[in-house]
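Taking it in order: structure first as structure tokens, then the write-up.
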Amino acid sequence: MKLPTLIDYQQAVQVPRLAFLDDQLRQSVPRLTPLGMPAVATGGFALTFDVSHGRRRYAVRCFHRHSDNLELRYACIADFVRSAALAFLVDVDYLPAGIRVGERAWPIVRMEWIDGVRLDDWVQENLDRPARLDRARVSLNSAVAELRRRGAAHGDLQHGNILVLPDSSIRLVDYDGMYLPALGALGASERGHRNYQHPDRSNQYDVTLDRFAQEVIVVSLAALARDPQLWREFNTGENLILSAADFADPGASALFARLERMPVVGPAARRLRDACLVDYSDAGAILDGQAHVHYAAAARPAAPAGSARPAGAAGSAGLPGSAGVAGSARSVGSGPAGSVGVVSTVSAARYLRTRPLHRAPVVAPSVLSALDRSGLLVRRGQEAMVVGRVSRVRQFRRTGAVTVLDFADGHRGGVPAAGGFHVVGWDRVSRELTATHGDLAALEGAWVRVTGQIAVDERGAAAYDSGGWVPPEPDADRTRPARATRPGRTAPAPRIELRRGSLLRRLTEREAGSLLHRPSSVPAAPATRSAYGSGPVLPPPRPVLPPPVPGPAANRAGSGSGPWPGWS
């Protein structure tokens, strides 16, 4: 049965006394966006609303994707969280009939709201405070170690599921993929965020689920504490600095090369790189320093048996506070050129083997054109990267500064293009954009990429006379229906409301073309092609012409005898 969509849940939560079936939530008040709609954060399985009842504040998670045995999973998870009483976990209640949408009741998860900051946002705010980054790294190591000691794993460690408190301690949220021994027979419900998982992870479901993601975060935080510039160069809004592309082909990763040259971070970065080259089941031994990978390019001879172990292979050479296990430096052997041999310092019988090196496929995020209005509308409520050329920059004063970037022609045939894609930066984000890019008017005509949750403005027609969408006045009556849409003139407008200013990056035309033409890009829909001409935004790459072939002057003069006039 199809679950409600984001807009279905938003419309229901607007009236809590009718939507919620729980007594406390029925009397709650949802936090609203500047546009007057309930604020919502998207996740892989659920949408999270922020509601308050008196002095208590709750995170209400409503599911938009099916998960097997949801009630059984959350019953076990709730029991574990209550009995374990770990400070970094948040009490959770599963309500099988928690919210009414239409004629049906749907399940929800209710949790206490944590006044913390998402890890990626917190890192950006603390790039100039390396001691805080190091404290958060130690807190994460302690939390993962304690979960594993109790036979459990979070299952999806990533920036969106880690909240950081003012004292740099952490809280883990979103327990959809949690592993518990009691749930082992059910199997995995998800595979975790691609930018934090081993390239060989598929349906594994055991106590080791967090080991690779833990090391990705630990290495990233340690590197950023020593070189904050890495954030500007490698953060995309869907990671800290490392990504699935780095894990799939670590030998070609510019970031891994940088990290391995850093004095303190280098040994741990090398172990993480090596762990990407082996099967999922062997990665933990590499990360713990109990084994090491010897690998060579096809043209390079294999290292002889008994060769010295590269510096940093032992766990004791890793980061302070990391979960390394020291091993002896003896080498057991290595495979032929172009192969990977796992060399054990603890259990040679288990880890000594050779297999061909294969590259895991990269699952890249979808890239949408800013002019592909149909594709954007279909992905309402989803996180996406959008690439386009800014056509107009507008700034307003409401309760604070508001910046609007438009990505469609201001007019088409004399009619204002109110239904085009736009990016909105409210107050703090607007100031961040100005601090990053200077005079925002200079962005007009520039290619940019922006990452965020796609929303749809159903009230764009209300601003018809202004030639585009404008933010509502602070004292506007948000309960009043929007002005009627003029037939054939305006339409719902897709938008992204930036969570932080750094999620908008300026691109060269070549970089934009590379993103829009890569295999994971979403082709423009037929409706977009008819509205904007031939899409995608950039023309297809020109064919490479062959060099001229000497011949009769008539052929070189453009007789048309060859595939291109003037060539033979």
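The values are calculated or read from the model by the stated rules, or taken from the named source; none is laboratory data. For clarity, every value in this text was computed on a predicted model and none was experimentally measured. Methodologically, a virtual Cβ is constructed for each residue, glycine included, from the backbone with ideal geometry; neighbour enumeration extends over all protein chains shown. When the accessible area is computed, the model is the full protein with side chains, heavy atoms only, and any ligands, DNA or RNA have been set aside. Shrake-Rupley method; radii C 1.70, N 1.55, O 1.52, S 1.80 Å.
Would you be able to say whether some residue in segment 162-174 is assigned to a helix (DSSP H, G or I) and surrounded by fewer than 18 Cβ atoms within 10 Å (Cβ to Cβ)? The answer is no; no qualifying residue exists.
Answer yes or no as to whether ALA182 is aliphatic (A, V, I, L, M) and modelled with pLDDT under 95. Judged against the criteria, ALA182 is a match.
Checking the stated criteria, VAL138 turns out to be at pLDDT 95 or above, open to solvent by 40 Å² or more (accessible area, probe 1.4 Å) and more than 20 Å from the chain's Cα centre (by Cα). Of all the criteria given as (1) buried (at least 18 other Cβ atoms within 10 Å of the Cβ); (2) under 19 Å from VAL92 (Cα atoms); (3) modelled with pLDDT under 90, the one not satisfied by THR48 is (3). In summary, GLN27 fulfils each of the numbered conditions (1) within 30 Å of SER168 (Cβ to Cβ); (2) more than 25 Å from the chain's Cα centre (by Cα); (3) not charged (D, E, K, R) with the single exception of condition (1).
Give me a count of the residues in segment 158-195 that are closer than 17 Å to ALA87 by Cα and not polar (S, T, N, Q). Before the answer, list the steps.
First, pick out the residues of segment 158-195 that are closer than 17 Å to ALA87 by Cα: 161-175, 178.
Then drop every residue that is not not polar (S, T, N, Q), which leaves 162-167, 170-175, 178.
The qualifying residues number 13.
Tally up the residues in segment 1-40 that are closer than 23 Å to GLY425 by Cβ, without any contact (Cβ under 8 Å) to a residue 40 or more places away in the chain, open to solvent by less than 20 Å² (accessible area, probe 1.4 Å) and part of a loop (DSSP other than H, G, I, E, B), please. Result for segment 1-40: 1. When ALA182 is tested against (1) in contact (Cβ under 8 Å) with a residue 60 or more places away in the chain; (2) under 19 Å from the mean Cα position of the chain (by Cα); (3) under 20 Å from VAL92 (Cα atoms), just one condition goes unmet, and that condition is (2). Annotation: of all residues in segment 51-84 being surrounded by 19 or more Cβ atoms within 10 Å (Cβ to Cβ) and among the basic types (Lys, Arg), the one that is farthest from TRP106 (Cα to Cα) is ARG73. Whenever a residue of segment 163-177 is among the aromatic types (Phe, Trp, Tyr), its partners that are assigned to a strand (DSSP E or B), lying with C-beta atoms within less than 7 angstrom and at least six residues away or across chains, give the pairs TYR175/VAL92.
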